[in-house]
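Here is the structure we will look at.
The values are calculated or read from the model by the stated rules, or taken from the named source; none is laboratory data. Bear in mind the structure is a predicted one, so any value in this text is a computation, not a measurement. A quick note on method: Cβ atoms are made from the backbone with ideal geometry, for glycine too, and the neighbour counts reach across all protein chains shown.
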């Protein structure tokens, strides 16, 4: 199994677990004399099975990511770089949006509002970081499809 296949399966199982959470909640109580639409014991058994498989996949994915080297770095290290780039891009985009807002004054006596950052330069930096993010994401995706799950 390739790493990418394991990641897809992990995502599917996580969705399934969320569905089971909802179904368990919907069948946790019934009126006197009624039966639940689904047997909570069966749902709990399915939940246990899904959780066991999820745990196994997480361990194997994390192990594979921590030992697989791509261009001198582990996949785990590349993922950490990508996550931090995403965070930095998000914060800087927010800053650029806030700084670019124009405030109209109704009268000449109102306080003038000025941006404290150069929005044009900040946007160039965001564009550069976004390019790095895309390139890093492509490298990770390629590795996922070429790496066997350990």
- Item | Residues of the stretch 26-41 satisfying the condition of being outside any loop (DSSP other than H, G, I, E, B) and surrounded by 11 or more Cβ atoms within 10 Å (Cβ to Cβ) | 26, 40
- Message: Scan the stretch 109-126 and tell me whether some residue there is in contact with a helix residue (DSSP H, G or I) (Cβ under 6 Å, 6 or more places away or on another chain) and within 19 Å of residue 1 (Cβ to Cβ).
- Response: no
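Got a sec? Which of 79, 89, 75 is under 30 Å from residue 116 (Cα atoms), in contact (Cβ under 8 Å) with a residue 12 or more places away in the chain, assigned by TED's automatic domain parsing to the domain that holds residue 149 and under 21 Å from the mean Cα position of the chain (by Cα)? Give the derivation first.
Numbers: 79 fails: under 30 Å from residue 116 (Cα atoms); 75 fails: under 30 Å from residue 116 (Cα atoms).
Result of the check over 79, 89, 75: 89.
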- Task: Can you run down the residue pairs with Cβ atoms below 8 Å, 6 or more apart or on separate chains, where the first is in the stretch 95-109 and surrounded by fewer than 10 Cβ atoms within 10 Å (Cβ to Cβ) and the partner is modelled with pLDDT of 65 or more?
- Result: 103/113
- Would you be able to tell me the number of residues in the stretch 130-150 that are surrounded by fewer than 16 Cβ atoms within 10 Å (Cβ to Cβ) and either part of a helix (DSSP H, G or I) or out of contact with any helix residue (DSSP H, G or I) (no Cβ under 8 Å at 6 or more places or on another chain) (or both)? 11
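From the set of residues in the stretch 110-129 that are surrounded by 13 or more Cβ atoms within 10 Å (Cβ to Cβ) and at pLDDT 95 or above, which is nearest to residue 83 (Cα to Cα)? Lay out the reasoning, then the answer.
Looking only at the stretch 110-129, we keep the residues that are surrounded by 13 or more Cβ atoms within 10 Å (Cβ to Cβ), and these are 115, 117, 119, 122-123, 125-126, 129.
Filter again for at pLDDT 95 or above, leaving 122-123, 125-126, 129.
Values: 122: 20, 123: 20, 125: 17, 126: 15, 129: 12 Å.
Residue satisfying both the conditions and the ranking: 129.
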